[in-house]
1. Looking at the stretch 166-177 only, could you name the residues that are surrounded by fewer than 18 Cβ atoms within 10 Å (Cβ to Cβ) and either touching a residue at least 12 places away in the same chain (Cβ under 8 Å) or under 20 Å from Phe122 (Cα atoms) (or both)?
2. Under 8 Å between Cβ atoms, which residue pairs at least 6 apart in sequence (or on different chains) link something in the stretch 249-269 that is of a type in the set (Val, Ile, Thr) and surrounded by fewer than 17 Cβ atoms within 10 Å (Cβ to Cβ) with a partner that is part of a loop (DSSP other than H, G, I, E, B) and at pLDDT below 80?
3. Cβ contacts < 7 Å: first residue in contact (Cβ under 8 Å) with a residue 60 or more places away in the chain, restricted to the stretch 123-147; second residue of a type in the set (Gly, Ala, Ser), any location; separation 6+ or different chain. Result?
4. Looking at the stretch 174-190, is at least one residue assigned to a helix (DSSP H, G or I) and over 25 Å from Leu260 (Cα atoms)?
5. Determine the pairs where a residue that is under 24 Å from Leu123 (Cα atoms), located within the stretch 150-165, has a partner that is hydroxyl-bearing (Ser, Thr, Tyr) and at pLDDT below 95 with Cβ atoms under 6 Å apart, the partner being 6 or more residues away or on another chain.
6. If we keep just the residues of the stretch 182-196 that are in contact (Cβ under 8 Å) with a residue 12 or more places away in the chain and small (Gly, Ala, Ser), which is surrounded by the fewest Cβ atoms within 10 Å (Cβ to Cβ)?
7. Name the single residue, out of those in the stretch 88-120 being modelled with pLDDT of 90 or more and of a type in the set (Gly, Ala, Ser), that is surrounded by the fewest Cβ atoms within 10 Å (Cβ to Cβ).
Amino acid sequence: MGTPLTLDAKREELKSDLEKYRSLPEYILDGAGSVIQRLVKPNEAQKRTTFLPPNASSQDEQSFPSFWLNGIVIALITFLIGGVIAALSNRSLNVEELKLTSWSAVTGALALIANKINIRAFLNTFRRSCADKMLRIEDIDDLSKWLRGKFSLLPPLIWGLLLGPILGWILYLNWQANHQAVGFHIGPFITLALSGIQAVWVGYYLIPFYLTFPTLLNRYQFDLYTLDPSSSEVVGRLSRLLSYAFYVTMAFIVQLTFGLAYVDVLTAETPAPAVIFSVLVWAPTIILFIAGQKK
């Protein structure tokens, strides 16, 4: 057996791991960026020994395409998938279906972007200011184990594939009801299903990292100010992190709410989507806000 690592070595090991972690939506965004880079700037891409930049937090400083550009490309691909499938089914998209499909493709990409912003904020905050304040090796080991589990790719993939199409189906049925649409059109539904998968991932990562993680922190010991622990750097940064995640998530949800009304899914005539939307979207956001205020 090797010599056990010291506390400082454990801290450095944790910070190194925090640089490498990516959520599933980040792999999709960064994967699109890597393909764009290989097409537009192949020399820059060839400088790396890996397909993706090893450090997901500093990739924008390495001439890597912005995640906003990557999101636009993904939105376009999502839209085209629905459009091509519609064309292959010999039924082109009408004006209202074009509006629905365009909005859902953009919203799906925005979900990926919102997830990336929140996950990067979490990892960077902990790596830059909190990891060095941890006082016990067992706490670092426990956190490392927790992070490995949360960044496993299979669970979010399964949840997305299970719930995303269901979410898309609910939205599509209500859209049909509000437009007196006759028959099932697979093109718009496929785009809604793909966007639903991406939207599910926002909640999948938001709940553990921003709703349950503060409870996990109560088990750990940090280097805090003895006379006024609440004024410590760690507490201040974690509080700002929760507030930042709340604003990012709120911006996405506000866009989502107006968008659903714009494409006539949320209407007075069909209250079911509003109830589902309130329970699954607005309720967790309010809880996130309360958690940030209590921190």
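The values are calculated or read from the model by the stated rules, or taken from the named source; none is laboratory data. Owing to the predicted nature of the structure, the values given are computational and were not obtained by experimental measurement. Note that we place each Cβ from the backbone using ideal geometry, even for glycine, and neighbour counts take in every protein chain shown.
1. Ile166, Trp169, Ile170, Ala177
2. Between residues of the stretch 249-269 that are of a type in the set (Val, Ile, Thr) and surrounded by fewer than 17 Cβ atoms within 10 Å (Cβ to Cβ) and residues that are part of a loop (DSSP other than H, G, I, E, B) and at pLDDT below 80, the close pairs are Thr257/Leu266.
3. From the stretch 123-147, the pairs are Leu123/Ser57; Asn124/Ser57.
4. no
5. Correct list of pairs: Phe151/Tyr21; Pro156/Tyr204; Trp159/Tyr204.
6. Gly187
7. Looking at the filtered set, the residue picked out is Ser102.
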